[in-house]
1. Rounded to whole Å, give me the distance from the Cα center of the stretch 752-768 to that of the stretch 366-403.
2. What's the long-distance tail for the stretch 709-786, i.e. % of Cα pairs beyond 20 Å?
3. Based on the mean of other Cβ atoms within 10 Å per residue, sort peptides 605-616, 645-656 so the most packed one is first.
4. Taking the Cα centre of each part, how many Å lie between the stretch 224-269 and the stretch 669-729?
5. Taking a quarter of the surface of the convex hull around the Cα atoms of the stretch 362-480, what do you get in nm²?
6. Any chance you could list the semi-axes, whole Å, largest first, of the equivalent ellipsoid that the Cα gyration tensor gives for the stretch 75-217, using √(5λ)?
7. Subtract the Cα-Cα distance of Thr763 and Ala730 from 0.36 nm times their separation in residues, and report this length gain in nm to one decimal.
8. Compute the Cα gyration tensor for the stretch 443-508, then decide on rounded, prolate or oblate, letting a ≥ b ≥ c be the square roots of its eigenvalues: rounded whenever a/c is under 1.5, prolate when a/b is larger than b/c in the other cases, and oblate in all that remain.
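The values are calculated or read from the model by the stated rules, or taken from the named source; none is laboratory data. Quantities reported herein were computed from a predicted structural model and do not represent experimental measurements. Cβ placement follows ideal geometry from the backbone for every residue including glycine, while neighbour counts extend to all protein chains displayed. Accessible surface is based on the protein model in full, side chains and every heavy atom, while ligands, DNA and RNA are left aside. Shrake-Rupley method; radii C 1.70, N 1.55, O 1.52, S 1.80 Å.
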Amino acid sequence: MRRIAPLSLLCLPCATLAAEARSELDEVIVTAPYGQALSRDRVPARAQSVSVDEAESVQPADITDLLNRRFGSVSINHAQNNPLQPDVNFRGETASPLLGLPQGISVYANGVRQNEPFGDTVNWDLLPLSAMQNVQLLAGTNPVFGLNSLGGALSVQMKDGFTYQGTGLEAAGGSFGRRTATLQHGGNSGNWGWYGNADYFEEDGWRDFSASRALRGYGALSWQSGDDRFDVSASQGDSRLRGNGASPEELLEEDRSAVFTHPDLTDNRMTQLIASGTKGLVGGWRISSNAFWRTVRTSTFNGDGTIFEECDVGADELLVEEDFTDVDGDDACDSAVDTDIELVLDPAGDPIEAELGGEELNAINNIGLRRQRSLGGSVQLAHELDLGGGRRNSLLLGASFQRGRSKFDSEMEVAALEDDRSTTRTGLFADEYRTAVNSGVRTLSLFATNAFDLGPDLTLTLAGRFDHSRITLADRSGQSPELNGRHRFGRFNPGVGLTWRSAGGLRWYASLSQASRTPTPVELACADEEAPCSLPNAFLADPPLDEVVARNLEVGVRGAGPQGLEWEASAFLAVHRDDILFQTTGGAQANVGYFANVSDTVRRGFELSMSQRLASFGWRLEYSFIDATYRDDFTVNSPNHPLFGDDADEVDGAARVAGPDKLLVRSGDQIPGIARHQANLILDIQPAARWRLGADLNFRSGVYLRGDEINVLGRTKPYAVVNLRGEFRASDQLTVFARVENLFDTEYETFGLLGEPDEIFATFEEPAFYGAGPPRGVWVGARLKL
């Protein structure tokens, strides 16, 4: 059996488990964010892990590409059409950089939570794959990993001077103007270790106006003596990303590289410091602790079609709010006839004219700035007890504290669309859409887990975690006092599991556990149906939302066959109570609305993993079936659904109309955006000592569109993408490599939503927007290791 990663890397107390791991399967699994790992056979859940060598052989572009191609039940979508900004889905749960999506996966790097405090988002662009030593995905609602672990927990362990020695340089380039480079160096003197990494990514993008870049740095200084160890690390990230979002169906038919509107810019700057240590105590006890400080500055600029209307007010043509009452039904605003007309005012209180310099102000710029600062720490006591007869008891007791403070500022600038659908700068801002809000999130946690061997082949695991969170919101502008609010959430989440190592070599496991997530500040600030918000900007009110609580039942079995064959089968059932959904009320790309607890949801599935390594050939197959449905009947806003359009008679589902712009979702309807069938096939062959070739196939079935929660419009088309890769080791130091993605240049879509394309293209009739997958790309590079 392969070894997943060096024991000293996965967690510092793992050295005490080295003998046990070697005597069984020579692999360990991290079972807490920091401070504990167990041999794989004692973990009652499915765990997937990839070491640096395995990741290098797949040649992924970044960590999300690695997860998508190598891990089971994982898929990504191209909602932003930027390789560094995908939504990552695992078992129907999401980890995304986008505000507004429910985040159901906790992400840790070196034991520190990477979900940002304002929206639990994950900035994948700030996590350099080249500096990672191991990536692990632990399935299920493991309560010890804390909030957001509804579907699983992703743990990343970074390199240090004891796991990487020497100097490495890698550079590559090719399609879409993509250029990447990595420089890293590490070493140790026995007790002291050091490591540094600089990673650069740049591309023009395969779509128009989509150039992006990212520069990441990471460094670590370590000291160890026997089983005692101390580490400090620093991370720095600076990225400028252009992700211009989904495109209308009819625009994709004309030109798949075209964008709807632009620019859509996200600039991230991050600094993170981590200190951690572990020390052995008397009586088999060990204490571990860590502390961190993290700051992220995110500025956004999103050009889009206008949300306002033109109106004749006296002799002037002015901008007004879109929701006036059209009394005479002529689809035009007439202040002498129509009612409920609200003028769009600038900060001085003056109405904004509908034209500027002869140009129609038919666009807007959403401009935002988020400054997030987090700090916290944890302390764990671990105890390993040899019970004799091949039995052990592994106990972990811990406490953690985390505080996150955010400052959010946004404003909306009225603008004009250029011929290329970019937006102009006018300096005219809609006063009502200015937001200045502070938020604070403080979480105190107590947790424990104990793995007790009832016999040499049977292990009982008990786990529990209590989280107490306090969330505050405070309006800084003085114009929106309804934003002010305080919310408290407290919950104990338990878990129990069994593993059994049967005489036939089969490893059985079963678990029942619970996890939860609190509403985020961005959800609480936008939860009023009477005051919808524009994501990710104008927030107007602070009504309460309930926690989302997930309970997960999981069973599985692993085994081995002849000639190195390994396999694993698992099944899971996850029930979510009070899931939070973004209820859209409009917007060209359905980005205006509010958050609400709408329904319980169910995610159930089956997973199969098989792999084999022969002398010069290896293969791996991952298949998963995921059935994600709503459990309750409820109404959902979907103003852009064809059932409310001119051709409503041509769409099945009239019985689902529950009112103006409202649809009735029935129990059993599928949750949009989740592929039911997913499969990855990886092939590797080594025809000669210095050559290595490989291919992988990624299959995903179609998904329902966001906005079609009633499932009457059909799914996107299923697709299969084939990738090739190869490398030639010219010497012990130099390796040349190449890869081809989407070999057959397949046209496919990974994501869809309902919007208003006719806001920009008057002749477009179809409301569907799609996130298109990239075309064929070819890259070549070289890797030097000294």
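1. Here the two parts' Cα centres lie 48 Å apart.
2. Result for the distance tail: 58 percent.
3. 605-616, 645-656
4. After rounding, the separation between the Cα centres reads 21 Å.
5. With the hull built on Cα positions only, its mean projection is 12.9 nm².
6. 27, 24, 11
7. Here the answer is 6.2 nm.
8. It comes out prolate by the Cα gyration axes.
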